[in-house]
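Trainee: Got a structure for you, questions after.
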Amino acid sequence: MAAIRGTNTKPEMLLRKGLHARGFRFRLHEKTLPGRPDLVLPKYRAVLLVNGCFWHGHDCYLFRWPATREEFWRRKIAGNVARDTANITALRAAGWRVSLIWECALKGKLRWPDEEVIDRVSLWLSSDDPVLELRGRDSAGNEGQG
């Protein structure tokens, strides 16, 4: 597990490069905010969380329970999910808009085209919507629920 990255992941870098190219400026992994969000855009009072489907227990095809050490993994992932929920609640209570972007939206067979993800995040940043959640498409090409 020591080789697993918590920051500067490929999905995170893809978002950072795309948003920066469109003129958005942001801070990275702000330690003063709950959960150290991946990108913080103070001008828009918005944070972006880029979550890996396995580590955050997403209900998509990229997530499977490991066959070994089942009790350990259930506790570990349940703790991550509970911490994510508490962090998002704290961010919202502090007046931040929260975007949750799942790994399956950026990687794998059900991913969205990179430009479309950047378009959707850009539109959200320019709106007043409090929450945005992007996840992989379903088999018909529609956005998954949630």
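Trainee: Which of the lysines could a cross-linker span from K107 if the Cα-Cα distance has to be under 20 Å and same-chain partners fewer than 8 positions apart are dropped?
Mentor: Qualifying lysines at Cα under 20 Å: K10, K17.
Trainee: Now for a separate question. Mind listing the phi-derived Karplus ³J(HN,Hα) values for region 15-26, rounded to whole Hz, using 6.51, -1.76 and 1.60 with θ = phi - 60°, and x for any glycine or proline?
Mentor: Each residue of region 15-26 in turn: 5, 4, 5, x, 5, 5, 5, 8, x, 7, 10, 8 Hz.
Trainee: Helix 114-125 against the longest principal axis of the chain: what's the angle in degrees, Cα atoms only, rounded to the nearest 10?
Mentor: Here the helix axis deviates by roughly 60 degrees.
Trainee: Relative to the longest principal axis of the C-alpha atoms of the chain, give the angle of the C-alpha long axis of helix 70-93, reported between 0 and 90° and rounded to the nearest 10°.
Mentor: Value to nearest ten degrees: 20.
Trainee: While we're here: Calculated from DSSP H runs of 4 or more alone, at -39500 (n - 2.57) each and per residue, what is the 222 nm mean residue ellipticity of the chain, nearest 500?
Mentor: Taken over the chain, the calculation gives -11000 deg cm²/dmol.
Trainee: Using a basic spin-label model with each label point 7 Å from the Cα along Cα→Cβ, how many nm lie between R75 and A93?
Mentor: 2.7
Trainee: Would you work out what percent of the accessible area of the chain, with all protein chains in place, is carbon or sulfur (probe 1.4 Å)? All intermediate terms of the calculation are to be shown ahead of the outcome.
Mentor: Numbers: 4460 of 8460 Å².
Carbon plus sulfur share of accessible area: 53 percent.
Trainee: Among bridges DSSP assigns within the chain, what percent are antiparallel (round to 5)? Walk me through the intermediate numbers first.
Mentor: Values: 6 of 16 bridges.
Given both bridge residues lie in the chain, the antiparallel proportion sits at roughly 40 percent.
Trainee: Have a look at W73, G95, A105 and report the one farthest towards the positive end of the charge dipole of region 50-146, computed about the Cα centre with Cβ charges (Lys/Arg +1, Asp/Glu -1).
Mentor: W73
The values are calculated or read from the model by the stated rules, or taken from the named source; none is laboratory data. Model, not experiment: these values are computed from the prediction. Note that each Cβ is placed from the backbone with ideal geometry, even for glycine, and that neighbours are counted across all protein chains shown. For accessibility, only protein heavy atoms count, side chains too; no ligands or nucleic acids. Shrake-Rupley method; radii C 1.70, N 1.55, O 1.52, S 1.80 Å.
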